[in-house]
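Asks: Pasting a structure below so you can have a look.
The values are calculated or read from the model by the stated rules, or taken from the named source; none is laboratory data. If you're wondering where the values come from, they're calculated on a predicted model, not measured in any experiment. Backbone-built Cβ (ideal geometry, glycine too); neighbour counts: all protein chains shown. Note: accessible area is taken over every heavy atom of the protein model, side chains too, but ligands, DNA and RNA are not part of it. Shrake-Rupley method; radii C 1.70, N 1.55, O 1.52, S 1.80 Å.
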Amino acid sequence: MSGVLGIDIGGSGIKGAPVDLRTGTLLAERVRIPTPEGARPEDVTAVVAELAGVFPDTSGPIGVTFPGIVRGGVTLSAANVDKGWIGLDADDRFSRAVGRPVTLLNDADAAGLAEARFGAGAGVPGVVMMLTFGTGIGSALMYNGVLVPNTELGHIELNGREVEPWASGAAKDREDLSWKQWAKRATEYLEYLERLFSPDLFIIGGGLSKKADKWQEYLKVKTPVKPAGLQNEAGIVGAALMASERRG
């Protein structure tokens with residue numbers, strides 16, 4: 001089987017699979033384990049080690065995503081996970097737990113890299129912005145395929161409120177919003193990002209990417225909008241891609 005193992009830490013589940021980096025496809029069915037309640041570092045580390053053991057045929061570096069700011073392998077924010085992650089050398093913690101080199105990166109950044117290489121953003125020049133709508137709102141900003149890391153644009157304020165708890169997929173579920181109601185909020189958010197960045201393409205990822213037929217007709221902005229081509233596999237693919245490029 002071989003391939004490079006990618007692991008995607010999400011708010012509700014931690015998913016992993018080996019990736020063929022020539023094509024951006026998974027070499028085996030992904031395995032999902034529920035994210036431990038509270039998402040404490042020691043509990044999440046145990047799940048990552050368990051997933052690494054599920055795919056013994058892979059070798060070499062492992063890529064892991066994290067829902068927060070990551071700089072030099074150190075996690076610097078913890079919006080939807082335990083605060084014990086802040087200031088933690090997660091690269092080292094995970095590497096010791098699995099016995100192999102681990103490269104950690106922001107989850108939306110991983111998804112954006114995968115989409116720019118293999119998905120909806122492949123071959124698109126200029127400014128491409130990916131937004132993942134799920135438990136929170138993640139963002140990835142790329143210029144001609146080069147990533148600007150850790151943008152975290154789900155946490156900006158719009159009309160006096162933080163966007164994430166107002167327009168995320170979790171907000172839609174929590175407030176029982178219709179697709180049209182949710183898309184109205186998302187449209188207002190994307191219009192604000194248009195004024196800030198003048199992107200050439202928006203890519204919508206996360207859990208809502210699988211239901212593009214429900215919201216696409218209601219999302220009205222000047223910039224072209226595409227659902228993520230890799231859908232929920234983008235984080236796994238991007239993590240494996242970064243691990244391969246950074247660790248060789």
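Asks: Towards the positive end of the charge dipole of the chain, with charges on Cβ (+1 Lys, Arg; -1 Asp, Glu), say which of VAL237, SER12, LEU190 has the farthest Cα.
Replies: Positive-end residue among those listed: LEU190.
Asks: Any idea what angle helix 41-54 forms with the longest principal axis of the chain, computed on alpha-carbon atoms, 0 to 90 degrees, nearest 10?
Replies: 70
Asks: Out of ALA111, ALA49, ALA234, any idea which swings most in a Gaussian network model of the chain, alpha carbons joined below 10 Å?
Replies: ALA49
Asks: Right, next: Using only alpha carbon pairs under 8 Å that are at least six residues apart, calculate the relative contact order of the chain and give it in whole percent. Before the final figure, lay out each step's value.
Replies: On the way: 567 pairs, mean separation 56.7, N = 248.
Dividing the mean separation by the residue count of the chain yields 23 percent.
Asks: Helix 107-118 versus the longest principal axis of the chain: what is the Cα-based angle in degrees, 0 to 90, to the nearest 10?
Replies: The angle comes out at about 90 degrees.
Asks: Over the residues of the chain, compute the C-alpha Rg and express it relative to 2.2 N^0.38 Å.
Replies: Details: Rg = 17.0 Å, N = 248, 2.2 N^0.38 = 17.9 Å.
Here the answer is 0.95, to two decimals.
Asks: Carbon-plus-sulfur fraction of the accessible area of the chain, 1.4 Å probe, in percent? Kindly include the intermediate steps, with their values, before the conclusion.
Replies: Numbers: 5120 of 10660 Å².
Result for the chain: 48 percent of the exposed heavy-atom area is carbon or sulfur.
Asks: In a Gaussian network model over the chain where Cα atoms closer than 10 Å are linked, find which of THR135, THR151, THR223 has the largest mean-square fluctuation.
Replies: Top of the fluctuation ranking is THR223.
Asks: Using alpha-carbon positions, what is the distance between the centroids of segment 106-128 and segment 33-70, in Å?
Replies: Here the answer is 23 Å between Cα centres.
Asks: On to the next question. Are there GluC sites (Glu not before Pro) in segment 144-239 that DSSP marks as loop and that have at most 14 other Cβ atoms within 10 Å, and which are they? It would help to have the intermediate numbers written out before the result.
Replies: Details: sites: GLU152, GLU157, GLU162, GLU175, GLU188, GLU191, GLU194, GLU217, GLU233; in loops: GLU152, GLU175.
Qualifying residues, ordered by number: GLU175.
Asks: Quick one: accessible surface of PHE55, probe radius 1.4 Å, all protein chains present, in square angstrom to the nearest 10.
Replies: Surface accessible to solvent at PHE55 totals approximately 10 Å².
Asks: If one takes the longest principal axis of the Cα atoms in the chain, at what angle in degrees, from 0 to 90 and to the nearest 10, does the Cα axis of helix 179-197 lie?
Replies: Around 80 degrees separate the two axes.
Asks: Now a separate question. Need the list of lysines near LYS226 for cross-linking: C-alpha distance under 18 angstrom, and skip anything on the same chain fewer than eight residues off.
Replies: The reachable lysines, counting only those whose Cα sits under 18 Å from LYS226, are LYS180, LYS184, LYS210, LYS211, LYS214.
Asks: If you place +1 on the Cβ of every Lys and Arg and -1 on the Cβ of every Asp and Glu, how big does the dipole about the Cα centre of the chain come out, in debye to the nearest 20?
Replies: Numbers: 26 positive and 30 negative charges, 76 e Å.
Dipole magnitude for the chain comes out near 360 debye.
Asks: Next up: For segment 146-160, take each phi angle, set θ = phi - 60°, evaluate the Karplus expression 6.51 cos²θ - 1.76 cosθ + 1.60, and give the result in whole Hz per residue in order, putting x for glycine and proline.
Replies: 9, 7, 9, x, 6, 6, 6, 6, x, 9, 6, 9, 9, 6, x
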